[in-house]
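K.L.:
For reference, the structure I am asking about is given below.
The values are calculated or read from the model by the stated rules, or taken from the named source; none is laboratory data. Just so it is clear, the model here is predicted, and its values are computed rather than measured. Backbone-built Cβ (ideal geometry, glycine too); neighbour counts: all protein chains shown.
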Amino acid sequence: MIRPDVLLYDWDDTLVDCWSAIASAMNAAFAAFGMPPWSKEEVRARARRSLRDAFPDLFGSDWMRAREIFYARLEEEHLSALSAKPGVEAMLEVGKAWPQGVVSNKSGSVLRREIAHLSWQDRFGIAIGSGDASADKPDPAPLRMALAALAPRSGGHAWYIGDSAIDMKAARAAGFTAVLLGNAEHDGGVESLSPDLHAPDAAALAALLRKIA
């Protein structure tokens, strides 16, 4: 186990739950295109790539119109639907022993509004979302961008903590330790993701961080 110099986190389903608003926004876009809706569970399992990567495949050449519909609905609902996952606030308190940041495939502007809504601005030295780097996860560009911002002199080693296969793939591509938080029931399970480290919940990860701090 390589001790981290920096802790980087995914956002949705890692630190917070906002899936009801995301599902509502996705289904507003589907309805406008005459497409069948997805359940919340389907959205949670399938909405992993960033919008700029996923929507052209879903909506074709008119994907920008779908994007506008999605964000119009999301803006109406996402803050009221947002909640921290159990144990996360205590985990982030332990994590203050390191520089911490967020790297998400959610739009950067939406991500930062959600962080502000939870009054977590002081928790994170940087918050990078879709569109902030040259490419989105699973490309390593946003993870490397975050590490460079938080450890500009030494470079250092980061743990990237997420809940899904795309997070583990991005961590490995960046040369980071891939840490799975949760049991990835929505994404094939722990064994299929083969993380470098696994914590079943935020309390378990807090205990590990406390031990090595």
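K.L.:
Suppose we filter 44, 3 for residues that are surrounded by 14 or more Cβ atoms within 10 Å (Cβ to Cβ), of a type in the set (D, E, K, R) and at pLDDT below 95; which single one remains?
P.N.:
44
K.L.:
Would you be able to say whether some residue in region 199-211 is free of Cβ contacts under 8 Å to residues at least 24 places away in the same chain and either charged (D, E, K, R) or assigned to a loop (DSSP other than H, G, I, E, B) (or both)?
P.N.:
Scanning region 199-211, I find at least one residue that is free of Cβ contacts under 8 Å to residues at least 24 places away in the same chain and either charged (D, E, K, R) or assigned to a loop (DSSP other than H, G, I, E, B) (or both), so the answer is yes.
K.L.:
So which helices (runs of 4 or more DSSP H) are wholly in region 1-106 and hold at least 1 residues that are among the acidic types (Asp, Glu) and within 23 Å of residue 131 (Cβ to Cβ)?
P.N.:
Passing ranges, in order: 51-59, 63-81.
K.L.:
Take residue 63 and tell me if it is among the aromatic types (Phe, Trp, Tyr) and at pLDDT 95 or above.
P.N.:
yes
K.L.:
Let me ask something else about it. Output the number of residues of region 96-109 satisfying the condition of being crowded, with 22+ Cβ neighbours inside 10 Å and aliphatic (A, V, I, L, M).
P.N.:
Of the residues in that region, 2 qualify.
K.L.:
Name the one entry in 3, 112, 67 that is in contact with a His (Cβ under 8 Å, 6 or more places away or on another chain) and more than 27 Å from residue 188 (Cα to Cα).
P.N.:
None of the others qualify; the one that does is 3.
K.L.:
Moving to a separate point now. If I filter region 126-138 for residues that are buried (at least 21 other Cβ atoms within 10 Å of the Cβ), closer than 24 Å to residue 83 by Cα, without any contact (Cβ under 8 Å) to a residue 24 or more places away in the chain and in contact with a strand residue (DSSP E or B) (Cβ under 6 Å, 6 or more places away or on another chain), do I get at least one hit?
P.N.:
no
K.L.:
Okay, next question. So residue 164 passes all but one of these: (1) in contact (Cβ under 8 Å) with a residue 40 or more places away in the chain; (2) out of contact with any His (no Cβ under 8 Å at 6 or more places or on another chain). Which condition number does it fail?
P.N.:
Condition not satisfied by residue 164: (2).
K.L.:
Additional query: Against the definition (surrounded by fewer than 19 Cβ atoms within 10 Å (Cβ to Cβ), outside the structural domain of residue 145 (by TED's automatic domain parsing) and in contact (Cβ under 8 Å) with a residue 24 or more places away in the chain), how does residue 33 come out, yes or no?
P.N.:
So residue 33 fits the description; yes.
K.L.:
Kindly indicate the residue of region 83-95 that is surrounded by fewer than 18 Cβ atoms within 10 Å (Cβ to Cβ) and not charged (D, E, K, R) and also nearest to residue 152 (Cα to Cα) among those meeting that condition.
P.N.:
The extreme case among them is 90.
K.L.:
Looking at this structure, is residue 21 over 30 Å from residue 150 (Cβ atoms) and buried (at least 19 other Cβ atoms within 10 Å of the Cβ)?
P.N.:
When the stated conditions are applied, residue 21 does not pass them.
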